[in-house]
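**Student:** Right, I'll just put the structure down here and ask away after.
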Amino acid sequence: AQISWTYPEPLAGDGVAGGQDLNAATDGAGTIIAVWIRKGLAANSDDGRIQWARSVDGGKSFGDPELLFDDPA
């Protein structure tokens, strides 16, 4: 089987801060879970928190990011 990737797109728009250390896992049947550390460009109360989002259509779209771990320290 051949795998192809599209260009990256943000999981959420509307000024949501970016992230780093993205990790993703799939079940091979269309579900993808993405997890990352939230990082912004300015002081942000969400910086350092771990967030996740899920796709059930092979990565064509993702649900809203959710908080996984709430301790930025």
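**Student:** What length, rounded to one decimal in nm, is gained on full extension from Q20 through to Q2, with 0.36 nm per residue of separation minus their alpha-carbon distance?
**Tutor:** 3.8 nm
**Student:** Right, next: Any chance you could run the full-extension gain for R54 through L68? It's 0.36 nm times the residue separation minus the Cα-Cα distance, nm to one decimal.
**Tutor:** Separation in residues times 0.36 nm, less the Cα-Cα distance, equals 3.8 nm.
**Student:** Per-residue accessible area for R49 at 1.4 Å probe radius, Å² rounded to 10?
**Tutor:** R49 has an accessible surface of roughly 40 Å² with all protein chains in place.
The values are calculated or read from the model by the stated rules, or taken from the named source; none is laboratory data. Being a predicted model, the structure only gives us computed values, none of them experimental. Accessible surface is based on the protein model in full, side chains and every heavy atom, while ligands, DNA and RNA are left aside. Shrake-Rupley method; radii C 1.70, N 1.55, O 1.52, S 1.80 Å.
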